[in-house]
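To start, the structure under review is shown below, and the notes come after it.
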Amino acid sequence: MKSALTHQELTKKLLEEEKLEGVLEMAGAICHELNQPMQSILGFSQLLMDDMAEDNPNYEYIRIIKSQIDKMGRITKKLMRITRYETCEYIESTKIIDIYKASDEEA
């Protein structure tokens, strides 16, 4: 009985490690693909802000775009720091990776 339980525990641990490996590979690929266009948006939004007076009605919109791209950058960094498989409930009992718990980062 004990050997069956140990085998079951080992199987569960192996499955968790495989899930984590899959999550890490996917997170790395996603971050790489997202960072390329984000850098372009960040650079061009900064150029637009540099050439625009702060009282221009569009300045605030560009500042918001730049701020949101910075936020996306922080999220991709969290994805790259995932160290374990942690999920949280999402819409209609769907589970998603909890990037804050999985990366030991605060919200």
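The values are calculated or read from the model by the stated rules, or taken from the named source; none is laboratory data. Keep in mind the model is a prediction, meaning the values are calculated, not measured. All Cβ positions, glycine included, derive from the backbone under ideal geometry; neighbour counts span all protein chains shown.
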Open item on the list: What are the pairs with Cβ atoms under 8 angstrom where one residue, in segment 40-61, is within 19 Å of residue 73 (Cα to Cα) and touching a residue at least 24 places away in the same chain (Cβ under 8 Å) and the other, located anywhere, is among the small types (Gly, Ala, Ser) and assigned to a helix (DSSP H, G or I)? Sequence gap at least six, or different chains.
Closed with: 42/73
- [ ] Report whether or not residue 21 is touching a residue at least 24 places away in the same chain (Cβ under 8 Å), within 20 Å of residue 87 (Cα to Cα) and surrounded by 11 or more Cβ atoms within 10 Å (Cβ to Cβ).
- [x] no
Task: Residue that is nearest to residue 35 (Cα to Cα) [pool: residues in segment 75-100 that are among the charged types (D, E, K, R) and loosely packed, with under 11 Cβ neighbours inside 10 Å] - done: 95
Task: Which listed residue is β-branched (Val, Ile, Thr) and in a helix (DSSP H, G or I), from 41, 82 - done: 41
TODO: Determine which member of the set 67, 40, 103, 45 is modelled with pLDDT of 90 or more, on the phi < 0 side of the Ramachandran plot and buried (at least 16 other Cβ atoms within 10 Å of the Cβ).
DONE: 45
TODO: Could you tell me which numbered condition residue 88 fails, if it satisfies all but one of (1) touching a strand residue (DSSP E or B) at 6+ places or on another chain (Cβ under 9 Å); (2) assigned to a helix (DSSP H, G or I); (3) not hydroxyl-bearing (Ser, Thr, Tyr)?
DONE: (2)
